[in-house]
Each structure stands twice: as structure tokens, then as C-alpha cells.
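Read the structure below first, then the notes.
The values are calculated or read from the model by the stated rules, or taken from the named source; none is laboratory data. All values derive from a computational prediction rather than experimental measurement. Here the Cβ is made from the backbone with ideal geometry for all residues, glycine too, and neighbour counts use every protein chain on show. When the accessible area is computed, the model is the full protein with side chains, heavy atoms only, and any ligands, DNA or RNA have been set aside. Shrake-Rupley method; radii C 1.70, N 1.55, O 1.52, S 1.80 Å.
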Amino acid sequence: MNLNTPSIGDAAHSWRSSLSSSGQDFVDQSPPKNDNSLLYHSTAFFFLTLPASIASALFLSRLVWLHKHGREHGLGRTELIYWSSFGLMLSGCISLIATLCMEIRNHQQPLAWDVLVAYASMLLAWMFAMVLNREEHKYTIRSSDFILGYYLIANLGVGAVLWLTPQAPSSPSPSPSYPFSNLHWFLGSLIIGLIVEAWPRGWTKVQKSSTASVFEKANLISRLSFHYIQPIMSIGYSRPLLLDDLTHLMPERIRSEHAYKDLAATWKVQEGRFRALVPKSRQEKAKPRLLFKTIALTFGWVGWAPIVLTRVVSTTLVYLQPVLLGRILDFMMASSSSTEAPQPLSYGIYLAVLMFLVSLMSSVTGAQLLQLNAERGMEIRSGLIGLIYRKSLILSPEARQTQTAGAISNHMSVDAEKWATALNTLPQWVSAPIELLVALWMLYRQLGWCSLVGLVTVVGLIPIQHKVSDIFSEIKDTKLKTMDHRIRLVTEMLTSIKTVKLYAWENAFKARIAGYREIEMSVLRRFGVVYAAMTLIFSTTMFMSLLSFGIYAAVGGPGGTPGEITPHVIFVSLSLFGLLSKPISSMDTLLSSTTSILVATRRIQAFLLSEELSVDLTSVLSGYSEDDVVVRDAVLSWHKQAADDQVGRDNDNATGDETAPLLASASSSSSFSETVATPRAPTLTNINFRLRAGSITAVVGRIGSGKSSLLSALIGDMYKYQGSVQVRGSVAYVSQQAWILHSSVKDNILFGKPLDQDRYEAVIRACCLQQDLDMLPTGDQTEIGERGINLSGGQKQRVALARAAYQDADVYLLDDPLSAVDAHVDHHIWKNLIGPEGLLKDKTRLLVTHGLHHLSEVDQVLVMKDGSISEKGQFDELLEAKRGFYQLNLEFSVTANKQHRKAANKAVTSLTDTMSEAGSEATEDIDATTVVAAAGNASSSAQDPKATNDDKPKPAAALVVAEKMVHGGVGWHMFMVYAKAASYTNIALVIILYILVEVAQVGTSFWLRYWSDAGGQDKYSVIEFLVIYAGFTVAYMAFNMVLFYVANVLAAVRGARHMHDRLLDNLVRQPMAFFDVTPVGRIINRFSTDVDAIDENIIWNLIDVVYCLVAIAGTLVVISISTPQFLYAVPPLTLCYLYIQSYFLASSQALKRFMSVSKSPLYQHFSETLAGVSTIRAMSAAPRFVRANGKKADLSAETQLAFGMANRWLKVRLEFLGALIVFDAALLAVLNRSTVGGASLVGLSLTYAMNITGDITYLVRSWAEMSNQLISVERIEEYAELPQEAPLETGVRLPESWPAEGRIVFRDFSARYREGLEPVLKNVSFEVAPGEKVGIVGRTGAGKSSLTLALFRMIEAKDSYWARATAASVHGTSAVDLNGNDTLGGRTGGGSIEIDGVDISTLGLHTLRSHLSIIPQDPTLFAGTIRENLDPFHQSTDAELWTALERAHLKPLISSFSEGLSYEIVSNGENFSVGQRSLICLARALLRKTKILVLDEATAAVDVETDELIQRTIREEFKDRTVLTIAHRIKTVMDSDKILVLERGEVEEYESPELLLKRREGSLFFRLAEQAGEVH
């Protein structure tokens, strides 16, 4: 049965066949009459006239477009190329004219009209080309795509015409020639012209001078072959690639700025129309597709047409291959038939060449389709990132409460990312139905009505596919949600790892994380089971072919007779079944991917439709006025609510002071929780005040009174119900929790402003930063780690102050910036920066403060109470009024104003002298969380009084250790690591099962071949043939199902669980120094991206690699059986494949790493922006941050596109070799048609050969992808192999109630933060008696926090076993020299710490830390209930919890929540103020009931009244316990039993405060107290 219609090839064959005589082709000199018209018309029209006419129209359109829209580049033109090209076009035109004249002269009869039209159309096209060539050189910097494309088509067309046109044999007598037979000279000019036009122009001055991207400089052939990325591949093969090698690779239109402008313009129009829709129901109907429609309209038909057209061409070329296969089988059958005359050999060669060209063109168009999809997808992604980023900067307070920082980050990192690959999926909704219909129609032509089995199967699969899609969608949603919970928990644990370790809560967090992980594993297991069952559906093409062939063989012939089973029917149908399987098997992926894209788009849309900040919240005025800030009758809130609604909680609770949206973090202190159902009153009511230009105003009040909210109102962060808020001029804002950029110190201070060296140095001095910079290894060029991790709290606050001061703004809003600094630093900053004589003396300043000691120097004091200004006026006026402020000052101000000013002045005067003695001029004590390279270098210089300039640390690298990036291949070692995790047995089973699957499939094909050969011999009945065929099919399906069960349920789940658990177990056991130098984002990448790759990708890559290897081996066997000569081509082809693979892998792995690494800065910058959005807006820095985001997004897009281009570079080259394999198989079959073994064997061989192209390409890509995915194993293994800190438990037996007394003894104890750094504690010896209260004080850098960290073994004794063992993890190595005889608790000169006579170095870390209590400097709360935060191990009753809260003065607040102890605390405790968090930490300490309590700056963030309450609680509740207190406020430790004074890491004084104060000038403690104004 022949399903094909006549083609040009048929015409040539028919004509040439008629010319054959005496075993020779083409001896007759005149074409037969019946074919003359077909030859002339079809050949001339299809190969010459049609392409030339289309080219002329395109050339003319291009000329018009260039004149209307083009922009001259102004770089001149390369004369050599221009005139060479022009000359070749001109010579081609002359050749055409000469050839036409020759044809007219040689022919006795007039030429046919079609010949004249062909010549005229070609001549016209090349004349247009000459004009266009001149304009293209003016407007573009590369060869014209239109001209070069026509060169390609014209060469093929003229070559085809010359090949199809018979030539007259040489004869002494003149004979008439055929039309077009004299086009050889014209073809020659075309070939040379093509070479000139296609030659790369990178060497030309025009391209060297251009700033266009590499892609935009590449010509058409370079783009089709992806040759433009060849330089990168060559560099990667010769040396490791660098990120700089990828610069300026992608088109300009994909860059963030351009993509955003296009998308934003359309979104603005569509959003406006959407919001204008009435009634509301119309909005709801249009809402789901709003953003999707916006994306579609942004690019219009011009943007989508190339994708659709390329898809159509690609699909057409794919379906041409079965047609050509059928022709070759007909050729072979005719050659072996005794009834039909054999067809000429040249026809078979012609078909083999056509198969090669179609296969090659299919590869090229497929690669171009992927490239177009990637470019458009990346353009959409870049535009969406721009929209999301800009929207996040202008969210309203209400929107910020519903849009958490994590959710917004996910919109960028997850939702927008889906569009990068979306266009590989979405166009299939158009192409898949067409492919199905074409395949079914072609099957109908082969098998008749029997092929309807395929249609019935397809229709029957639709509801099953839909159900499968729903199941997979549900599984995916559950997996993602669970992963989100797990990542949130891990992030929370890592960001607060110091607190987790201090409280010994590692196991509690591990258990909670393991709970979520187990849910993920159950989901993966369920997916594996479902997928294994669904392989029966994915194998439906085998089942369809079984039923179709069975019915056809039984009743498929005319009149219900048995159908004829021939090689043509079998193997063409098999090819079509293979094509039919692609859209069927892809339907589940298509449904799942489309669902994911739609969900992601709706999520982004919901965010983009969120409420924005109103422009009228704050009026920004310009020009001169007596008042810079004027607030009249203002009522403001964090919630969009009626102004007169006063129902709600007291503003003394979390609804006051630092109440802020969930995004607050650095910009304000806390926010409301969504769980509270009661309506809320306005946060600020009846606010009236003025700030005179150049004045300084202080805002005071208890925690929760609305101080921070007042500042937020001035920067426009709150809803304004009524009144007016006016600010004149520019604003500089310093938040209560310092917001620090992950950049250098200098960049943090300049904040985008140009450098003014004099002002910069003045600001450094005023903020007391000079000595800090001297201590840092590279001064102000030192990189500050993520969240300022390598700075102390005071240093971060002073950097934030310096940033604001450098801005030279008109109005300064300062939210309690002095709470985190020592007393002498406080006075220095006040005198030199903020105060009446400071650098900002001419600026308007509004200062929130918990301290009272500077209030006598301010121009105005605002006293906040319950969200209102209860008192305002000058300091003396408020004292005279004798109201609340007077009482506060009377109780908590320890000296008279005169005495205080005297002490302050003296403190500032003596600051330089006293601090030079300590070697540190205002650098806060650096705790363990800030210990990085800088801290060590600082210690070595600051603590050595004999250090000279030569001894100063040399400039060093960035403080945060750079992420390790391995160069080269991953190697087999990482595969074996994964195989071990997944079980060697499971991996071996996967390989064996795939071999069995391939054996069953090849067996099926060979049985069909045998059936087609034996069909007419009546050797077996149809039933017998079908039974054996069905046996092979069932075996194939069964092996397939077992294979995927073993792979997805046994191997994947086991490997995923093992790798994750090893990573988690080892990370929580790392020393604090590891977390100091490792950004949290870097670790989170392991738990998110890398773990996800192991969960879902690696096993599939392994399956793909094994499948391709087995399939290729089977194909080579089949082809070799058919044509043994093919074996000669195997070695060179194998060498080519191996070379291309190694060439590709050398670069692809680096590009994959770049793709991963480049995303981190983008997401980190976005998270950083969200944390500081209020500061960014207040200081008008949004445009600069938008540009920075665009650059990072462009870098990420560039690396992602480069990786995709490299894959397509590989695809084109491998599939070219694959096309050669098809050509070799076809050509060898044609040349050996008499000995090959029949058409059935050729059909089998070619069917497999047509698939080997994709198999080999997929093998190399899968191999490369598996290598790339194994990078995730490598990254996880890197952290899983780091050496751990000391064990959690040891075999040391302790008394049951240890410590029963609370005696602490330090004996010659020395410690350093890391091996190789100078000690921060030196020979410290002192003893704390049971129940003593010891205050620990000292100048900055003295080692106060280091002492407490040593007590908890957060840092180990100098040169001890564990100090040296854990050094390896910090340096990133897996081994360390531990020579010596020290044992587990041994020490070599670092001294010891004993608690109740027990050396703590012999105890397990959990044993030690669980018997100590601490209230840390940074009060940390975790997401969860209040109960879980107080008692994560559920060891206390509710009554005990309420008692602890009552003693911590929190019971009224917590009891006001309807949920009580079950009230949900959001991440980082953002729905509580900083002071309230400190009180919750106090409640924790009250619950632990240990004999030793450490207070590390526990009251730094609370007002003096709350501080007094806390101290009173400690005195009452811990009266029989040993208490060590570190405090900036000297007043806090004045009632201690003893004072420990540290200086340069050594014990300077250790006596009662009374004795130390009596020594006066001889006591360092006296001087510190005097500077703080506590003595007079």
C-alpha cells in the first residue's frame, strides 16, 4: 500500500527511469513529452521562481523597515567585505543574463514561460539584494540574515535543478541543451558569495567597535549552527571557564531593563482595564488570566510567530522521515521483487541523501525552536523579576502583612523561574493535537480502519491522563509545601544557630525537620508507586501496535480479508507509532507543567495586584521653611481600618512601639500577627508636633508605646486615617535593628553617593569607626558578611549611623541607635555626631531613645504613651510639669544634670587617651557570632601593645570565605557516593532491568520483521504470530514497571533520605566558627536546590543514561546485522562522539556551576532589599537598587542562556553525526540491495537508525546533566564530611543534681576563635562562689562575650584537641594535624574551666549546655507557638509556663491573646517588639531552673524602666543562683556582689564594686562608671 503522493523526486525518477536503457541511465537526449511540463514547471517554480519571488518581497520589506525604524550604527563599513559581496552579486546577475542569452540562442523554439519567469525572478531578487546589501552595511554590523538565507536556498535550489536536469553527452555535433543546464557559472558565484557572506566578521573594525552582544554580532549560519558560542567552548576545553568569559553574550532585548519596560507597559494597560471592570463579578471572571494575557499581548504576533512557524517546520520535518523510510522500503522491495522492474540505483542514493538532509534540517530547526523558546522565556522571566522587585518596594502596610518576605522571594526564585522553560511546554498545546492527527491520518493510510484502534486508545487515555495529572499535581503541591516548611525550619535554625546551640536545642530542631522530611519521603514514595503503575499507560504505543497489527492481519484487507503484512506496512507503521507515542507520553508532563506555570503566574499576579503605598501618606515639601517636619492631628495605623474604630488590644501590647509589618525586620521592630482576630485600634492617635529646622528632638516612652511607629509614619510606612504629615527636604533613616548591606564597609557608608574624602573621614571620626577600620584586614574595603555577620551589634549600628550621616540629608530619623554601644562610645557619638555640637548640628534630628542622660541637651522631648504624645516640651519644662516624665526621670536618672554633663564631658575628653591604652577606640566586644578572619587579625594587632606598623595584618581576602567551586568533571567518585546512598543493589537492578527492557523491545521488532518475511508462507497462523508478539509486549511492559518501581521507590527514596540526613546531622554539629564564615544562603542552597536535585533529578538522569546506552547498543547491533559494512563506520563515529562529549563536558559543568552560583547574588540582593525596604524608600535609593537588581538578573539570565546555548551547540553537532549514521545505514542498504537480506531487515535497520540520532544526543546531554546534577552530591558531601565539634554526650558520670552549688573556676584559661589567630582570652583565672552575682565589664574588645562563650564551650581552650579538630571545618578541609597525646577532653596549655569541681572539657556539649541558662544579647524567637518557644521539649506544665510569663511581666500581654500559649509567633518573632522578645527569653531562663545564669547584654534593647523590672526579677527569682551579667549600662551591674573587669582578654580587676570605686583613678572600673555618669 502506497500512501504517498507524487513529488518532485518522483518526477525526476519517472523521467530518468524512462531514459534508462541497456543498464545505463540517461542516454536519451530529449525528455519524454508526458513529463516535459511537469519537469519544467515543477523544477523551475519550486527551486528557482518561488524562492526568488519570496526573497524579493522580503528584501523590499526589509528595505522599507530599515528606512522607517532602523538606526545607523555610525561605525562605517568594512570595504573589503562590502565590495567583495557587491561584486559577487553583480557577477551572479551578469552570469544569469549571459546564461539566459545562451539558452535563447541554443534553443530552436522559444523558451517556455516558466523558464523566463525563473530567470527574471532570480535576476530581480539579486538586484534587490545589491541594494539591500548597501543599506544593511549602514544599519547592521553583521551580514544580512535575508541575503545570507537566500544564498543558502539559492545554492540548494540551483544545485537541485542542475542535478535533476539531464545533461547532453559530449558529441562532436552540436545538440540542444536543456533549460538551466548552463547555470554552473552562476552556481559558482553563489558558492563564493555564500562563503564571503557567511564568514565571521569579528575581526572587522565595525564589530570590534560595537557594543552589541555576541549573539547580535553572529550571522545566520553562526546562529543556526551555534558557532557563535564556539569561543566559549574552546576556552572551556583549554582551561577552566571564568564568569568573565560569558560577558555580553545574550541579546539586548532580554536584559532586565528592556524586558521590564515592555512587560510593564502592557501590564499597566491591562491592570487599568481590569480595575475599571464593574461589577465585581466581571473582575473575578477576568482575574485568573490577567497576567497570562499580559504576557501574550506584550510580544504580539511578531514575537510568537517565529516560535509557531519553527514548531510547524520542525514537526513537518519529523513526519517526513517515515515517508522517506516508506520510499526506501518500496525501492528495496522492488529490487528484490520478481514481478517489478528494479528502480535505478541513483534513485535510492537520492532517497538516502534526502533522509540525511531531512534529519539534519530537523535537528537545526529543533535547536532553533529550543533557542527561541529559551530567549522568549528568559525575556519574560527578566520582565517578571523587574515587576516583582519594583512592586516589593511600594507595598502598603496591609499588603506587607499578607506578603511575607519568604513568599515574595519565592515569587522571584520559583514562580518567575518557571517561565524560563515554560515555552518548551506551552506551545505543545497547539502542536500535540496536530501531531496526533497527522500521525493517525498517516497510520490510516497504512492500516486503514484498523488504525482507529489508535484513535480509540488516545481518546480513552484522555480521562486517565487527566486523573494522572491531578494525582501528580497533588503530589507536587504536597512536596513543595512540605519542602517550604522544612526549608523555613532549617533557615530559622541556621540564622539562630548560636541560640540553638546555647540552649542545646539541636535535637529538637532535628526532630521537627525530620518530621517534615519524612512527609517528603512518603510523597516521593507515592509518586514512585503511581509512576510505576502509569508506565503501563506510557507503553500504550506497544499495546496499540499489537492490537492494530493483529486486527489488520486478521481482517484489515479489502472486504474484511486478512491484510498483507509487508515490511513497508510494519516499519512505516512502527515509525508512526513511535511518533504517536511522543505526544501521548508527554501529556502528563504537559498537564503537570502547564498547571505549575498557571499556578505560578496566578501567584505572581496576586502579588502584583496587592495594594501599593499611597503617595499622599507623607507630603514631601521643598524650599525653605522654619519647620522641617509638621504633623497635625494625625491618626495612623499599620492596618487599613476605620479611624474611629477603637476596639482592640491595648497599645501597651504588641500593637504599639515597634509595631511594624511582617516585612519589617530592619526597618522596624515588630508587627501584628494574622492570628489575632480582634479588630485593632489605630497605632498612633492625635499626633501633633513640629520639628524646627536644625533642632534635635528626642522621643521617649515604654516599650510598646509607639516610638518606632512614629518614625515609620514620617517615612510613609503607615496608613494615615486623618490629619497631615509633612516633611521638608531629604530624609536619612536609621532603623532600630541596623540594616547592613552585604558589601564593603565603604560601600555601606557611601550608599551610592560619590566619594567626598573630607566628609567621609569626618563621618568616620564622628561615628567612632576609625579604630574599627584599622583593625579590619583591608580597612574600609573589608567585605561585610550577610546580615553584618562579621560585625558586632554596636559596629553595625555605627555603620548605619555613618551611612545616614554621609547622606547629608535635611532630616534625620534615628531609631534608638545608641542602645547597642558602650557608654563612652555613646558619649563620643553624641558629642561628635548627633548632639548640639556634632556633625549634624545644622540638621533636623528626631531621636528615639531609651536612655535619659542626653535629654537635657535636646531642644524638645516627646513622651509617648499608648500610641499618643502624652507630653512634649523642653527637658526642664517637663520636669517642672511633674507628670509621668518627671517621675520616670526621678526614678531612673542617677545623677543631676549638671553632674551628668560634667561626667560626660570628662568621658569624651579622655576617650582617646583611655581607649588607646586598650588598643581599641570604640569597638564593641566582638562575640563568637562575629568571629571571622577580620576578628582574628584585629585581635593580633589590637591586643599586642608592642605591635609596630610592620606587624599590622596585611590586606586579606573577603571576610566571608568564598564558596568553593570545583573545576573540571565531577568524576566517578561522586556517582559512587550516590550509588552507596541509594544502595549498590538497587542501582545494579536498574541497569539489569533496562537491559531486559531493551531485549524485549528488540525482540518485538525482530519478530515483526520475521512476520513480515514469513507472512505469505503460511508457516504460522496469525494467532501464533500474535501470541508471541504479545509475549514480547507484555514482557516489555512488566520489566518497565518493575524498573521504575525499583528506581523511584527503592533507590531514589533511600538515596534522598540518606544524603539529607547526613547533611543535617553533620551541619548541626559544626562549630560556631563555621557558621561565622559561611553565609546562611549558601547552606540553604544545599538544603533546597541540591537536596531537591537528589530527590527528583539524579535518579531520572541515571535512568536516561542507562536507557540511552542500552538503546544505542541495541541499535548498533540491529544495523550491523542488516549491513555489516556499517561496523567500519562505528570506530570513527564513536571517536567523534567521545571527542564532542569531552569537549562539551569541559565547559558545560562550569556553565552549570555558574548558573547555580549566579542565582545566589540575585536572591540574596532581593532578600536584602526586603529587609531594608523602609530604609531604601526613606533615603530615595530605590532607583539605584532597581539597577543593581537588574544587573544581577542579567548575569543570572546570561549564565542560564549560555548553558542552554552550549546544550544546543551539542545538539546540532551530535545530531549531524546522527544524520550521518542514518545516511550510512540507508546508503549501505541501497548499495547492497541485492545482498542485504530483504526489505524487512532494511526497514528494521533504518527504523532504529532514525531513533539513534535522538538517542545519542540524549545520551550525551543526559550524561552531562547527570554530571551536573552530581555537583549537588558533591556540594552536600563537602558539608557532610566536615569534621564535627565535640560530642554531645560523653561517658562522664555526673552527680544527679549537678551543678548543685554553681561554683565556677577559671584556671589559666586561654582561648582563640580559630586556630592560627591570636587568643582573645589570655590566662584568665578567677573563681565565682556559689550564688554570687558577678558583673562583667570592660572596654570594647576586652573579651567579655568571649568569656561567656567559653563557659558554654562555643569556643574551646587554646590548643585543645577539639579546638584543632574543628579548625578543619572552618578552613574547609577534612583533616587536621592532631599529633599529640591529648584525649577527648585533653588540653595542651589552654587552661580549664570547672563547674562544681568538674572540668567542663570532659563533658558532652549537650550535658554542659542543658545545665546552664543564658539570656543572649540578640533575643531570638522561632516560628511556632509561645509554648514551643518557651519549652520545645514539653518538659513543663502550662501552669509553670504561665508562672514564668508572670515573673517576666508578660502575662497581661499573652493572656490578651485569644490563643494564649498557643498564640503563633511569626518567623524571627516579628510580631513582638525587641523588648518583648527579651522578656520571653527571660521567661525561658526562669523555666530552666539551672544553678548558673548568664545575661549577655540582655537589657540593651529595653527602656530603663523595663530594665529595672528585669533586674528586680533576676534579684528575686535567681537569688540562690550564680549570675554572670555583661552589660553596657554600668548601672545594671552596680548591685553585683563582684565586678570582673577584663582588659585585652586578661583579668584586670575582680572585687566588689564598693572596693573598686574606692580606688578611684587607680581603678579601670571607676573610670568606666565615671564615663557612664554613674559616679560623681
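Against the conditions (1) assigned to a helix (DSSP H, G or I); (2) modelled with pLDDT of 80 or more, Ala420 satisfies every one except (1). Open to solvent by 30 Å² or more (accessible area, probe 1.4 Å), under 30 Å from Val323 (Cα atoms), outside any loop (DSSP other than H, G, I, E, B) and not hydrophobic (A, V, I, L, M, F, W, C): does that describe Tyr1248? So Tyr1248 fails the test. Count of the range 715-732 residues, restricted to those that are outside any loop (DSSP other than H, G, I, E, B), open to solvent by 10 Å² or more (accessible area, probe 1.4 Å) and within 17 Å of Gly1172 (Cβ to Cβ), is 1.
Given the structure, is Pro1452 closer than 26 Å to Ser708 by Cα, in a helix (DSSP H, G or I) and not aliphatic (A, V, I, L, M)? Yes, satisfied.
Against the numbered list (1) over 24 Å from Leu1102 (Cα atoms); (2) surrounded by 23 or more Cβ atoms within 10 Å (Cβ to Cβ); (3) modelled with pLDDT of 75 or more, Ser1240 comes up short only at (3).
Checked against the criteria, Arg142 counts as open to solvent by 30 Å² or more (accessible area, probe 1.4 Å) and either assigned to a helix (DSSP H, G or I) or modelled with pLDDT of 80 or more (or both). From the list Leu1116, Leu1133, the one residue that fits, being open to solvent by 40 Å² or more (accessible area, probe 1.4 Å) and farther than 30 Å from Leu741 by Cβ, is Leu1116.
Among the conditions (1) among the acidic types (Asp, Glu); (2) under 40 Å from the mean Cα position of the chain (by Cα); (3) closer than 29 Å to Pro1416 by Cα, the only one that Asp1255 does not satisfy is (3). Is there a residue being at pLDDT 80 or above, part of a helix (DSSP H, G or I), in contact with a Ser or Thr (Cβ under 9 Å, 6 or more places away or on another chain) and within 23 Å of Ser413 (Cβ to Cβ) anywhere in the range 1070-1078? Yes; the residues of the range 1070-1078 include at least one that is at pLDDT 80 or above, part of a helix (DSSP H, G or I), in contact with a Ser or Thr (Cβ under 9 Å, 6 or more places away or on another chain) and within 23 Å of Ser413 (Cβ to Cβ). Quick one: is Ser213 at pLDDT below 85 and among the hydroxyl-bearing types (Ser, Thr, Tyr)? When the stated conditions are applied, Ser213 passes them. Residues in the range 476-517 that are aromatic (Phe, Trp, Tyr) and surrounded by fewer than 20 Cβ atoms within 10 Å (Cβ to Cβ): Tyr516 alone. Residue pairs whose Cβ atoms lie under 7 Å apart, sitting 6 or more positions apart in sequence or on different chains, and linking a residue in the range 385-397 that is within 20 Å of Pro1161 (Cβ to Cβ) to a partner that is charged (D, E, K, R) and part of a helix (DSSP H, G or I), are Leu393/Arg1177. Listed conditions (1) open to solvent by 60 Å² or more (accessible area, probe 1.4 Å); (2) assigned to a helix (DSSP H, G or I); (3) out of contact with any Phe, Trp or Tyr (no Cβ under 8 Å at 6 or more places or on another chain) are all met by Ser53, apart from (1).
Do we have Phe59 as buried (at least 16 other Cβ atoms within 10 Å of the Cβ), in a helix (DSSP H, G or I) and at pLDDT 50 or above here? It is true that Phe59 is buried (at least 16 other Cβ atoms within 10 Å of the Cβ), in a helix (DSSP H, G or I) and at pLDDT 50 or above. When the range 711-744 is filtered for residues that are under 37 Å from the mean Cα position of the chain (by Cα) and hydrophobic (A, V, I, L, M, F, W, C), the ones remaining, listed by number, are Leu711, Ala713, Leu714, Ile715, Met718, Val731, Ala732, Val734, Ala738, Trp739, Ile740, Leu741.
One line per residue, one yes/no per condition, for (1) buried (at least 24 other Cβ atoms within 10 Å of the Cβ); (2) part of a loop (DSSP other than H, G, I, E, B); (3) at pLDDT 85 or above; (4) not β-branched (Val, Ile, Thr):
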| residue | (1), (2), (3), (4) |
| --- | --- |
| Asp657 | yes, yes, no, yes |
| Leu663 | yes, yes, no, yes |
| Ser668 | yes, yes, no, yes |
| Glu674 | no, yes, no, yes |
| Pro679 | no, yes, no, yes |
| Asn688 | no, no, yes, yes |
| Gly704 | yes, yes, no, yes |
| Ser708 | yes, no, yes, yes |
| Leu711 | yes, no, yes, yes |
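Suppose the filter is at pLDDT 85 or above, of a type in the set (Gly, Ala, Ser) and crowded, with 16+ Cβ neighbours inside 10 Å; does Ala988 pass it? No, not satisfied. Could you tell me whether any residue of the range 1156-1163 is of a type in the set (D, E, K, R) and open to solvent by less than 40 Å² (accessible area, probe 1.4 Å)? For the range 1156-1163, residues of a type in the set (D, E, K, R) and open to solvent by less than 40 Å² (accessible area, probe 1.4 Å): absent. Consider the range 1540-1562 and keep the residues that are in contact (Cβ under 8 Å) with a residue 24 or more places away in the chain and acidic (Asp, Glu). The one that is least open to solvent (accessible area, probe 1.4 Å) is Glu1543. Of all residues in the range 130-160, those satisfying the criterion of being closer than 18 Å to Arg201 by Cβ and aliphatic (A, V, I, L, M) are Leu132, Ile141, Ile147, Leu148, Leu152.
Yes or no, residue by residue, for (1) touching a Ser or Thr at 6+ places or on another chain (Cβ under 8 Å); (2) under 29 Å from Leu714 (Cα atoms):
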{"position": "Gln368", "(1), (2)": "yes, no"}
{"position": "Gln371", "(1), (2)": "no, no"}
{"position": "Gly377", "(1), (2)": "yes, no"}
{"position": "Tyr389", "(1), (2)": "yes, yes"}
{"position": "Ala405", "(1), (2)": "yes, yes"}
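Matching residues to (1) among the hydrophobic types (A, V, I, L, M, F, W, C); (2) open to solvent by less than 10 Å² (accessible area, probe 1.4 Å); (3) more than 15 Å from Gly1302 (Cβ to Cβ):
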position	(1), (2), (3)
Ile1393	yes, yes, no
Asp1396	no, no, no
His1406	no, no, yes
Arg1409	no, yes, yes
Ser1413	no, yes, no
Asp1418	no, no, yes
Leu1421	yes, yes, yes
Glu1428	no, no, yes
His1434	no, no, yes
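Contact annotation: residue pairs with Cβ atoms under 9 Å, 6 or more positions apart or on different chains, pairing a residue in the range 1134-1147 that is farther than 16 Å from Gln230 by Cβ with a partner that is basic (Lys, Arg), are Cys1136/Arg1213. Put simply, of Thr266, Thr211 the only residue that is part of a helix (DSSP H, G or I), open to solvent by 20 Å² or more (accessible area, probe 1.4 Å), within 22 Å of Glu375 (Cβ to Cβ) and not aromatic (Phe, Trp, Tyr) is Thr266.
Phe1216: among the aromatic types (Phe, Trp, Tyr) and within 30 Å of the chain's Cα centre (by Cα), yes or no? Considered against the rule, which asks whether it is among the aromatic types (Phe, Trp, Tyr) and within 30 Å of the chain's Cα centre (by Cα), Phe1216 comes out as no.
Is it true that some residue in the range 1417-1438 is hydroxyl-bearing (Ser, Thr, Tyr), over 40 Å from the mean Cα position of the chain (by Cα) and assigned to a helix (DSSP H, G or I)? Checked against the condition, which is being hydroxyl-bearing (Ser, Thr, Tyr), over 40 Å from the mean Cα position of the chain (by Cα) and assigned to a helix (DSSP H, G or I), the range 1417-1438 yields no hits at all.
Which residues, taken from the range 1417-1469, are of a type outside the set (A, V, I, L, M, F, W, C), within 30 Å of Gly794 (Cβ to Cβ) and touching a Lys or Arg at 6+ places or on another chain (Cβ under 6 Å)? Hits for the range 1417-1469 are Pro1419, Gly1469.
Residues checked against (1) in a helix (DSSP H, G or I); (2) touching a Phe, Trp or Tyr at 6+ places or on another chain (Cβ under 6 Å); (3) of a type in the set (Lys, Arg); (4) more than 29 Å from Gln1070 (Cα to Cα):
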residue: Val453; (1), (2), (3), (4): yes, no, no, yes
residue: Val456; (1), (2), (3), (4): yes, no, no, yes
residue: Val468; (1), (2), (3), (4): yes, no, no, yes
residue: Leu494; (1), (2), (3), (4): yes, no, no, no
residue: Lys501; (1), (2), (3), (4): yes, no, yes, no
residue: Phe509; (1), (2), (3), (4): yes, no, no, no
residue: Ile513; (1), (2), (3), (4): yes, no, no, no
residue: Leu524; (1), (2), (3), (4): yes, no, no, yes
